[in-house]
1. Mind counting the residues in region 7-17 that are exposed (fewer than 11 other Cβ atoms within 10 Å of the Cβ) and within 11 Å of the chain's Cα centre (by Cα)?
2. Answer yes if at least one residue in region 18-36 is closer than 25 Å to residue 56 by Cβ and under 16 Å from the mean Cα position of the chain (by Cα), and no otherwise.
Amino acid sequence: MKKIEFSKLMVIFLMIQSTIWIYLSYYLAFLGMKEIAETLSKTIVIEIIGVIAVYSCKSLFENLSKNNNWPDKKVSNIEINKEQINRDC
């Protein structure tokens with residue numbers, strides 16, 4: 001089983017919580033508190049977009065650093081031999 005990262009769990013938790021808050025803001029609008037509901041909905045949607053954007057950027061840079069051969073990254077002899085074999089083919 002693949003281990004889920006802590007940041008992914010936090011994003012899932014925040015998404016569920018934000019979805020519940022949005023539905024509750026609709027409930028507030030139904031009760032007649034439209035100004036509060038509108039402000040709450042805008043704030044929640046902005047927070048959702050912010051969390052997803054930051055998490056996406058973090059994941060992008062993590063994947064780039066894992067899958068690239070950076071100049072300062074130590075490369076094992078096995079990886080060097082694989083690259084030479086691939087070039088020779």
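1. Going through region 7-17 one residue at a time, the tally reaches 1.
2. yes
Read the figures in this text as sums done on the coordinates, not as results from a lab. Remember, predicted model here, so these are calculated numbers, not experimental data. Neighbour counts are summed over all protein chains in view; Cβ atoms, including those assigned to glycine, are modelled from backbone coordinates with ideal geometry.
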